[in-house]
Amino acid sequence: MNKYKDMKTLIKYATITLGFISSLFFVFNFFLFAKLHPKMIRFEDISGTEENLLLIVGIGLVVFLTFYLLSLWRIANYLKNAKEIKSYNIILLIAGILSLLFVFSDWALLTDIHRQHKYGFDQPEWLLLYPIMIFQFITVIVSVFFHLFSTTKKNQLKNIEKDSNIFQIAQYVGITCGVLGLALSSLGFLYSRAWSLTIHSVMGPIILLTPYILVVIYWFVIKLQERDRVFYDEKQILDIGKSAFLTLLTSVIFMISLFITNFSNLNGIVSILWLPLYLFFVLFIFSSANLYYTKRS
Amino acid sequence: MKKNNQKFANNLRRFRFENNEISQQELANKVGVSRLTIHSIEKGKFVPSTYLALKIAHFFNVNVEKIFYLSNE
């Protein structure tokens with residue numbers, strides 16, 4: 001028991017420390033980008049020292065990734081026993097998930113910027129990079145405050161035999177991942193020429209589904225720790241059943257509509273997009289319905 | 001044919017308070033369901049199975065009809 005407590009304390013301080021280090025990396029990135037951005041859009045050469053400084057940016061991305069993962073784990077752990085899940089907890093959780101996913105887009109944008117500068121192309125990615133990094137920076141600051149001051153025992157329930165909080169959190173995460181996935185997949189209709197089967201329709205869904213898969217694994221571990229090993233109680237089974245039926249009904253309508261609206265061009269972009277669209281639609285409807293039926297009580 | 005307007009109702013909240021003000025979470029732990037399920041039963045949004053109703057009645061050491069009944073409202 002003491003070892004478990006020590007481990008929890010260690011993770012708390014590791015998260016807070018990584019939060020502070022991440023903040024420093026963000027400040028460093030903003031200063032470096034402010035210096036490099038004008039040079040790169042004028043296609044001036046980058047010095048060897050500046051190239052080396054970009055390696056530090058790469059190290060920073062690993063630090064961000066570790067911080068967001070630890071932070072999300074702590075938030076989920078806190079909410080597991082929370083008396084009440086408050087809206088700011090959910091906002092922080094969703095911001096954390098978005099920031100975690102944005103680490104991958106930071107990496108993709110920086111790689112694109114570097115490549116396009118090298119081959120003498122414009123770099124419109126800068127316009128995306130700054131707002132994303134500002135959002136991630138704000139999330140780090142708010143998360144550090146949360147880990148410092150909000151995770152007190154005052155709002156915690158003791159001895160929960162049958163979980164309902166993580167069940168709800170899984171639905172929030174499912175809705176977030178579903179909406180993001182639908183938005184990303186729908187962009188394929190607008191930019192069909194730039195759409196790649198491997199990156200946008202395989203890697204995208206894998207990355208976007210990762211938070212949902214992680215929260216389901218976390219929920220599964222909690223279930224294994226429960227004494228009776230019954231995964232759902234009878235109300236949860238009823239809610240899941242109703243949600244599954246609604247998902248089946250709406251997904252059939254959705255897929256038929258997709259088929260009809262693309263009937264004249266079934267070999268086009270829809271032949272790549274149908275799977276991610278289906279996956280994220282099902283995830284979004286199932287999670288939304290589950291949350292609705294759970295919250296309705 | 002006369003329309004049946006009887007609704008499923010319960011005294012669960014009263015029983016909790018009369019039994020040392022036991023919390024929803026404590027009762028949920030005793031009968032093996034989540035707190036939200038107990039909350040839904042009390043609010044009349046969820047009708048428990050016979051098994052769960054019997055478990056709750058058994059916990060309070062009373063007949064099931066003392067807690068769960070049909071109301072004419």
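Within the stretch A:127-148, residues that are without any contact (Cβ under 8 Å) to a residue 40 or more places away in the chain have Cβ atoms under 7 Å from residues that are of a type in the set (Phe, Trp, Tyr) and surrounded by 14 or more Cβ atoms within 10 Å (Cβ to Cβ) in these pairs: A:Ile132/A:Phe102, counting only partners at least 6 apart in sequence or on another chain. Within the bounds of the stretch B:17-28, is there any residue that is surrounded by fewer than 18 Cβ atoms within 10 Å (Cβ to Cβ), within 14 Å of chain A (Cβ to nearest Cβ) and within 29 Å of A:Lys80 (Cα to Cα)? Looking for residues that are surrounded by fewer than 18 Cβ atoms within 10 Å (Cβ to Cβ), within 14 Å of chain A (Cβ to nearest Cβ) and within 29 Å of A:Lys80 (Cα to Cα), one finds at least one in the stretch B:17-28, hence yes. Restricting the first member to the stretch B:8-21 and to residues that are on the phi < 0 side of the Ramachandran plot and of a type in the set (Asp, Glu), and the second to residues that are part of a helix (DSSP H, G or I) and surrounded by 14 or more Cβ atoms within 10 Å (Cβ to Cβ), the beta-carbon pairs closer than 9 Å and six or more apart or on different chains are B:Glu18/B:Phe60. A single entry from A:Glu44, A:Glu50 fulfils the requirement of being farther than 21 Å from A:Ser143 by Cα, touching a Pro at 6+ places or on another chain (Cβ under 9 Å) and surrounded by fewer than 17 Cβ atoms within 10 Å (Cβ to Cβ): A:Glu44. Looking only at the stretch A:268-289, filter to residues that are at pLDDT 95 or above and polar (S, T, N, Q); which one of those is surrounded by the fewest Cβ atoms within 10 Å (Cβ to Cβ)? Ranking the qualifying residues of the stretch A:268-289, first place goes to A:Ser288. Being surrounded by fewer than 21 Cβ atoms within 10 Å (Cβ to Cβ), out of contact with any Gly (no Cβ under 9 Å at 6 or more places or on another chain) and within 14 Å of chain B (Cβ to nearest Cβ) is a description that does not apply to A:Arg193.
In the stretch B:33-47, the qualifying residues are those that are facing chain A (nearest Cβ under 7 Å) and not in a helix (DSSP H, G or I), and the one that is surrounded by the fewest Cβ atoms within 10 Å (Cβ to Cβ) is B:Lys45. For the stretch A:151-180, a residue qualifies if it is within 25 Å of A:Thr9 (Cβ to Cβ), in contact (Cβ under 8 Å) with a residue 40 or more places away in the chain and more than 14 Å from every other protein chain (Cβ to nearest Cβ), and exactly one does: A:Thr151.
Listed by first and then second residue, the pairs linking a residue in the stretch A:103-115 that is within 18 Å of A:Thr139 (Cα to Cα) to a residue that is polar (S, T, N, Q), with Cβ atoms under 8 Å apart and 6 or more places separating them unless they lie on different chains, are A:Val103/A:Gln136; A:Asp106/A:Gln136. One residue alone among B:Lys55, B:Lys7 is under 25 Å from A:Arg296 (Cβ atoms), of a type in the set (Lys, Arg) and touching a helix residue (DSSP H, G or I) at 6+ places or on another chain (Cβ under 6 Å), and that residue is B:Lys55. Any residue that is surrounded by 14 or more Cβ atoms within 10 Å (Cβ to Cβ), out of contact with any helix residue (DSSP H, G or I) (no Cβ under 8 Å at 6 or more places or on another chain), in contact (Cβ under 8 Å) with a residue 12 or more places away in the chain and more than 14 Å from chain B (Cβ to nearest Cβ) - is there at least one of those in the stretch A:242-255? For the stretch A:242-255, residues surrounded by 14 or more Cβ atoms within 10 Å (Cβ to Cβ), out of contact with any helix residue (DSSP H, G or I) (no Cβ under 8 Å at 6 or more places or on another chain), in contact (Cβ under 8 Å) with a residue 12 or more places away in the chain and more than 14 Å from chain B (Cβ to nearest Cβ): absent.
The values are calculated or read from the model by the stated rules, or taken from the named source; none is laboratory data. Quick caveat: nothing in here was measured; it's all calculated off a predicted structure. When we count neighbours, we look across all protein chains shown, and the Cβ atoms used for this are built from the backbone with ideal geometry, even at glycine.
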